[in-house]
Amino acid sequence: MREEPQIKIPETQTPERSQFSFALFVAAAAVVIVVAGFYLWPGRQSPSRGAQDVHPPFGPTERVYAQKIAFKKLTLTRAENFLHQEVTTLTGDIVNSGDRALSELEITVEFLDQVNQIVLRETRLIVTSTGPPLEAGERRTFDISFEHIPTMWNSQPPAVHVTGLRFAAKT
């Protein structure tokens, strides 16, 4: 009698994943998503100027010209971001009613409390040298986001002041 060869196939064992490695993977993915969210969130309006915190000049000439800069249609809106944090956005128009173009424009925004004391002061560039200059007579919309406004804020529109400007090179 003839024996037929039998091939024995060993049972395949699937490697078991431990719950710890799966939880570690989920946690790492969550951290990456949160970091990417903070980096890409639209509230980051101020461009990075490198390690130095360089401000445009604000000498006597710039102070006189700053009187020709007007802020129009200032509005505040509040929204909740994906992390359930409330973000307040100041939107408005900046008008250069002077006769010179500006390559940089820095403003300071001050939120006040019930007795008109400053509870939050932030300085931001709203015209940067990396973008187009704000031409003489031009009106441009800007928006600035604030993540943490103190609860003592009186809910009134903030005071907005020009605190630095750089004239564009004449061409």
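Given their separation in residues at 0.36 nm each and the Cα-Cα distance between them, E4 and V119 gain 32.3 nm when the chain is fully extended. The amide H of A168, built 1.01 Å from its N in the peptide plane, has A101, L102, S103 as neighbours under 5 Å, considering only residues 5 or more places off or on other chains.
Averaging 1/r across all pairs of distinct Cα atoms in region 60-167 and inverting the result yields a Kirkwood radius of 14.8 Å.
Each value in this text was obtained by applying a stated rule to the coordinates, not by laboratory testing. Note that the coordinates shown come from a computational prediction; the quantities given were computed from them, not determined experimentally.
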